[in-house]
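K.L.:
Sending over a structure as structure tokens; questions will come in a sec.
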Amino acid sequence: MSTVEKKYLEAKEKYAELGVNTDEVLKRLEEVKISMHVWQGDDIAGFLSDDEVSGGITVTGNHPGKARTPEELRQDLEKAYSLIPGKHKLNLHAIYLDTDEDVDLNEIEPKHFEKWVSWAKEQDLGLDFNPTFFSHPMYKDGFTLASPDKEVREFWIEHGKRTRRIAEYFGKELGQVAVNNFWVPDGYKDNPIDRYLPRQRLMESLDEIFSEEINPEYTLDAVESKLFGIGAEAYTVGSHEFYMGYGLTRNKLICMDAGHFHPTEVISNKLSSIALFSEGILLHVSRPVRWDSDHVVIMDDELQEIGRELVRNDLLGKTHIGLDFFDATINRVAAWAIGTRNTIKAILKAMLEPTDYLKKIELEGDFTTRLALTEELKDFPFADVWNYYCEINQVPVGLDWLKEAQKYEEEVLNKRK
């Protein structure tokens, strides 16, 4: 018996005193899939063109080892997944097509992503998808789907339609539903006169994109709001109110991104409300140090609160969890590992609560016990359960994963020029 298992058995007894069966918790955790985002590996460059990132987003840093080809990116992803317990998903953007054809965003087809699907089958991964409404010449004057220019709108409408068919292809081939998430950067840098018409155009463009019925067993559409972006500081067409209304009336998943709200807002407090009325939820878990700065996810209070809300309210079944951060100042493979491991940890920590008992005493008005118990749980041996989960999933325990990432950096990443 390993030291890790011995400590786990001790922790198991400790949690059993509260009525928590850690073996059952780990079985539940195995069912949770995190959609790891491809764009951490190459700083949102993609493989469509050499244009710099535009559309309200940017990446800082120049750490060595950035993936330059689809093959290098998949190699890095395999390394990252080898450091993360469980079987998960990969979240692709449309600009990550893998083809020798000269093809534009309004021409992409499932065949341009066949290599990704073959790789996902080999790795036993699901795939999610995103249209790319940025970093393109047809992103004109800060607008795409809400543009007053009909030609611009038609280009992006066609792009959106094609991404839905690609997501459908992912779902059919891999046997896992592919979430296709729509975010557009449209907006004004300074105060507009007309806030209404751009939103009407966005609504009509989206309605046309979603006019084709696609089996929800294969793909689900999601819509994502944003407070503001670089170049759209004064007015964002796709606000939270717009997409909440759109998602609820069109039966779309509503995407809640941790960095897309006011600096004092948190998404954890919104999940139970959205869940009451929405078709489902898509989470983009990030860390907004200064609003939407998309830092690597750490085990901070908000991440743990998101985990608790998902578990306490039994929302894991209707919530799709994806990551959205990008940091080019550190080892990119390590960034994936840190953020994904922490997201899984937060859910595990929440599962280790005696949720039913805590709800019971709350309903009875026993707030003293509620406070005492939730505070004492902070000192329980959560890490011993996590380490055991890593061990039984045959991934590095503790800081051993960092040694693996550093070795990979030395042998692979540092040799890229």
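K.L.:
Which of the aspartates and glutamates could a cross-linker span from LYS359 if the Cα-Cα distance has to be under 18 Å and same-chain partners fewer than 8 positions apart are dropped?
P.N.:
GLU17, GLU305, GLU309, ASP314, GLU375, GLU376
K.L.:
Something else: For region 339-378 and region 78-139, compute the distance between their C-alpha centroids and round to whole Å.
P.N.:
Each part's Cα centre sits 37 Å from the other's.
K.L.:
Of all chymotrypsin sites (Phe, Trp or Tyr not before Pro) in region 116-157, which ones are in loop regions per DSSP and have a Cβ with at most 15 other Cβ atoms within 10 Å?
P.N.:
Counting only loop positions with at most 15 other Cβ atoms within 10 Å, none of the chymotrypsin sites (Phe, Trp or Tyr not before Pro) in region 116-157 qualifies.
K.L.:
OK, next. Which number do you get for Rg(Cα) / (2.2 N^0.38 Å) in the chain?
P.N.:
After normalising by residue count via 2.2 N^0.38 Å, the value is 1.00.
K.L.:
Could I ask something else about it? To the nearest 20 debye, what is the magnitude of the charge dipole of region 33-351 about its Cα centre, counting +1 on the Cβ of each Lys and Arg and -1 on the Cβ of each Asp and Glu?
P.N.:
Roughly 1120 debye for region 33-351.
K.L.:
May I pose another question? Near LYS79, within a Cβ-to-Cβ distance under 12 Å, what is the net charge of the other residues, with Lys and Arg +1 and Asp and Glu -1?
P.N.:
-3
K.L.:
Sticking with this one: Could you work out the helix-only [θ] at 222 nm for the chain, with each DSSP H run of four or more residues adding -39,500 (n - 2.57) and the total divided by the number of residues, to the nearest 500 deg cm²/dmol?
P.N.:
-13500 deg cm²/dmol
K.L.:
Still on this structure, please answer the following. Work through the residues other than ARG201 whose Cβ is under 15 Å from its Cβ and net out their charges, Lys, Arg +1 and Asp, Glu -1.
P.N.:
-4
K.L.:
In addition: Can you list, bin by bin at 5 Å, the percent of alpha carbon pairs in region 363-409, starting at 0?
P.N.:
5, 17, 16, 13, 12, 10, 9, 8, 6, 3, 1
K.L.:
If you take the charge dipole of the chain about its Cα centre, with +1 on Lys and Arg Cβ and -1 on Asp and Glu Cβ, which of THR264, PRO396, PHE170 is farthest toward its positive end?
P.N.:
Checked the options; the winner is PRO396.
K.L.:
Would you list, by chain and number, the lysines whose Cα falls below 23 Å from the Cα of LYS111, excluding same-chain residues fewer than 8 positions away?
P.N.:
LYS89, LYS121, LYS161, LYS172
K.L.:
Which value results when the Cα radius of gyration for region 229-330 is divided by 2.2 N^0.38 Å?
P.N.:
For region 229-330, the normalised Cα radius of gyration comes out at 1.08.
Laboratory data are not the source of any read-out in this text; all were calculated from the coordinates shown. Quantities reported herein were computed from a predicted structural model and do not represent experimental measurements. In this analysis, Cβ positions are derived from the backbone assuming ideal geometry, glycine residues included, and neighbour counts consider all displayed protein chains.
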